[in-house]
Amino acid sequence: MILLHAIPWAGALAGYWLFPEQLPLLSAIAIAALFAVSLDLIVGYAGLVTLGQAAFFGAGAYTAGILAQQGWGEPFSGLLAAAAVAALLGLISAPLVLRAGELAGLMVTLGLGLMLYEAANKAAAITGGADGLQGVEMWPIFGLYRFDLWGRTAYLYSLAVLFVLFMLARLLVASPFGWSLRAIRGNARRAPALGVPVKARLTAAYVIAAAYAGVAGGLLAQTTSFASLDALSFQRSADGLLMLVLGGLGSLYGALLGAVAFTVAHHALSEASPVFWQFWLGIALVALALAGQGGLLGLARAAIARLRRR
Amino acid sequence: MASAITVLLDGVAAGMLLFVLSVGLSVTLGLMNVVNLAHGAFGMLGGYVCVVLLNRLGVPFPLALLAAAAAAAAMGFVLERLLYVHIYGRDHLTQVLFSIGLVFIMGAVADWLMGARTQLIQLPSWLSGRMEFAGIGLGRYRLFLIILCGFVALALHFGLVRTRFGARLRAAVDDGVVARGMGLPVGRIFSITFALGSGLAGLGGALGVEILGLDPNFPLKYMVYFLVVVAVGGANSVAGPFLAALLLGVVDVAGKYWIPEVGAFIIYTAMVVLLLARPQGLLARAK
């Protein structure tokens, strides 16, 4: 069983030697995976659909970026700051989202995300506006490993952060807290009868997911030495949801799988033409929605179950 | 002072346009509780139909408008029967993914067929230019929009209040389960209403080429506006979305005119605040 868990991580590590030319892409996958994990916590486990997760991703990216730009380039404290700012934003917005109710709450997340995008767009003095944040300079990790041109340090750094946070998330969802989230997703009216404080638990999940997204954003800013409005865009939120659904909701490993499949397909197809990618992305989304959820991981599980029955 | 009135009238014209574009969505959301982020795609289709007919085939503008509405209604009907029926009653995440996917597909197709650039149309001479009315300058096209969309709004209002179909629709929105129990064909009512709403979106898209611009990004760019109109206006009347759209148009135009540095921030803030203050809609009675 432990072996089964080791496979994806061994594969990710092997990528470092197997694809030395593609390390920036691999870093992008690791960051996308962390973002998808953050969405899985809130959408997959707590059952709260959000269209504005990019707000936290972008907040983290700008926090880490601005910190480094202003002369504090220490990576780990930068990530902590990114997580803290994103969590704070989550704490402020959670009551608004939860108060509005299901459908209106969905739109509140969308509205809040767009508000932050516009705010960053207009606050060009701080964020660089549409040009993006320039002059992000990182210090070496532990004062030893520089961020090199080929993205070696960047990839190992992103992968290590993803690994630690992923394992933390696994502990979290296996804890009583994680089970109470599933209870709320299963039946939000019955959960209070079982003694689950619904609002408090959802708020906590929302804040934790926000912090995760913030770290993912911080990683992006640190490894690419750049932060742009792109990090806050609706497209980012939609992409994250798609990765999650592509891989499979509510299993954490589905988020990893989805991020890999999505990013690789994006890379391969948009080389042909961005419109081509957009078209097939749309087809995949419609097909996934109509076929029901479970994603790639669900398909794999069904296949394994069928093999066992024989 | 004159400029304030001009801005107000421009805002009203934009709001009327938004109303026609988004009123169909209020039915999708209100009647079937479906999060349909693809509503703008029908507007985009209408816009492109109008552009092609007008620029390439030289069809008169009113006819092009009709054709745009008909094309969008036809596509709405087909898509509803083929695809949308499968996502009624599913969870919101599925609906969100489905409709975003639809937007991506239609955007890509539009890009392939028509290119990524913003489309322009040449308005007929009787609609272009400005006219002075009691010392207030107003574009003729804006005036045309206000009259036409106002007429559409009135027709919808009386259609909903006075006709048998309207009564059935209201009953279905109020309580779909009971309506079905009373023998109303809720599925068919919805089918027709969906096609009608899509057709209106097509009309709005065609009318909006001149004001809102048209490119393959149209459905995503204005998605929030449609959602605001519906979320703020509520689903069970024509007056609610109408007022919401007018408010949105005026605030948006005035904001862009006088405080451009704040930009779209106002709209998003207004949306969030109104959603929190009146989650059931602007005119809804408290339950």
| request: With just the Cα atoms of region A:2-233, tell me how far they stretch along each of the three principal axes, in Å, largest first. | output: 56, 50, 25
| At a 1.4 Å probe, which residues in region B:183-231 are at least 20 Å² less accessible with all protein chains present than in their chain isolated? | B:LEU220, B:MET223, B:VAL224, B:LEU227
| task | Provide the solvent-accessible area of A:THR223, counting protein heavy atoms only and rolling a 1.4 Å probe, rounded to the nearest 10 Å². | result | 30 Å²
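Can you order the peptides A:130-139, A:11-20, A:228-237, A:160-169 by their average number of other Cβ atoms within 10 Å per residue, highest first? Mind dumping the intermediate values first?
Working: A:130-139: 15.1, A:11-20: 13.2, A:228-237: 21.6, A:160-169: 17.4.
Top to bottom by mean Cβ count within 10 Å: A:228-237, A:160-169, A:130-139, A:11-20.
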| Within region A:22-40, whose backbone N sits under 16 Å from a point 7 Å along Cα→Cβ of A:LEU144? | none
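May I ask for the equivalent-ellipsoid semi-axes of region A:7-110, computed as the square root of five times each C-alpha gyration tensor eigenvalue and listed largest first in whole Å?
On the way: eigenvalues 174, 83, 20 Å².
With the √(5λ) rule applied to region A:7-110, the semi-axes are 30, 20, 10 Å.
What FRET efficiency, computed as 1/(1 + (r/R0)^6) with R0 = 56 Å and r the Cβ-Cβ distance, is obtained for A:TYR16 and A:ALA193, rounded to the nearest 0.05? Spell out each step's value before the answer.
On the way: r = 50 Å, r/R0 = 0.90.
Calculated transfer efficiency: 0.65.
For a Förster distance of 30 Å, can you work out the FRET efficiency between the beta-carbons of B:TRP112 and B:VAL262, rounded to the nearest 0.05? Kindly include the intermediate steps, with their values, before the conclusion.
Details: r = 36 Å, r/R0 = 1.22.
Given R0 = 30 Å and the Cβ-Cβ separation, E is 0.25.
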| task | Work out how far the C-alpha atoms of region A:68-143 reach from end to end along every principal axis, then list the three figures in whole Å, largest first. | result | 48, 28, 13
| request: For A:ASN121 paired with A:LEU91, estimate the spin-label separation in nm (one decimal), with each label point 7 Å from Cα along the Cα-to-Cβ line. | output: 3.0 nm
| query | Going by a ≥ b ≥ c, the root eigenvalues of the Cα gyration tensor, does region A:170-240 fall in the rounded group (a/c under 1.5), the prolate group (a/b larger than b/c) or the oblate group? | reply | prolate
| Residue-averaged 222 nm ellipticity for the protein assembly as shown, from DSSP H runs of 4+ at -39500 (n - 2.57), nearest 500 | -24000 deg cm²/dmol
| Which whole-number percent of Cα pairs in region A:118-197 have a distance greater than 14 Å? | 77 percent
| note | In whole percent, the fraction of accessible protein surface over region B:42-195 that belongs to carbon or sulfur atoms, probe radius 1.4 Å, stands at 68 percent
| task | Multiply the residue gap between A:ALA160 and A:SER270 by 0.36 nm, knock off their C-alpha separation, and tell me the result in nm, one decimal place. | result | 36.8 nm
| Highest GNM mean-square fluctuation, chain B, Cα pairs closer than 10 Å: which of B:ARG170, B:ARG90, B:ARG81? | B:ARG90
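Could you run the numbers on buried accessible area between A and B, total for both chains, 1.4 angstrom probe, in Å² to the nearest 100?
In total, chains A and B hide about 3600 Å² from solvent.
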| Most mobile of B:ASN217, B:ASN33, B:ASN55 per a Gaussian network model of chain B (Cα springs, under 10 Å)? | B:ASN55
| ³J(HN,Hα) computed for each position of region A:92-109 - Karplus, 6.51 cos²θ - 1.76 cosθ + 1.60, integer Hz, glycine/proline x | 6, 8, 4, x, 5, 5, 6, 5, 6, x, 4, 5, 5, x, 4, 6, 5, 4
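Hey, what did region A:31-169 get for relative contact order, percent, Cα under 8 Å, at least 6 apart? Display every interim value, and only then the final one.
Working: 127 pairs, mean separation 41.0, N = 139.
Over region A:31-169, the number comes to 30 percent.
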| request: Please say if the protein assembly as shown is rounded, prolate or oblate, where rounded means a/c under 1.5 for a ≥ b ≥ c the square roots of the C-alpha gyration tensor eigenvalues, and otherwise the choice is prolate for a/b larger than b/c and oblate otherwise? | output: prolate
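Below 12 angstrom from the Cβ of A:VAL245, what's the summed charge of the other residues (Lys, Arg +1; Asp, Glu -1)? Walk me through the numbers before you get to the answer.
Details: positive: none; negative: A:ASP40, A:ASP239, B:ASP91.
Result for the local shell: -3.
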| Roughly how many nanometres apart are two label points built 7 Å out from the Cα toward the Cβ at A:LEU98 and B:SER3? | 4.8 nm
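The values are calculated or read from the model by the stated rules, or taken from the named source; none is laboratory data. What you are looking at is a predicted structure, and each value in this text was computed from that prediction instead of being measured. Every residue, glycine among them, receives a Cβ derived from its backbone with ideal geometry; neighbour counts consider all protein chains shown. Note: areas computed on protein heavy atoms with side chains; ligands, DNA, RNA excluded. Shrake-Rupley method; radii C 1.70, N 1.55, O 1.52, S 1.80 Å.
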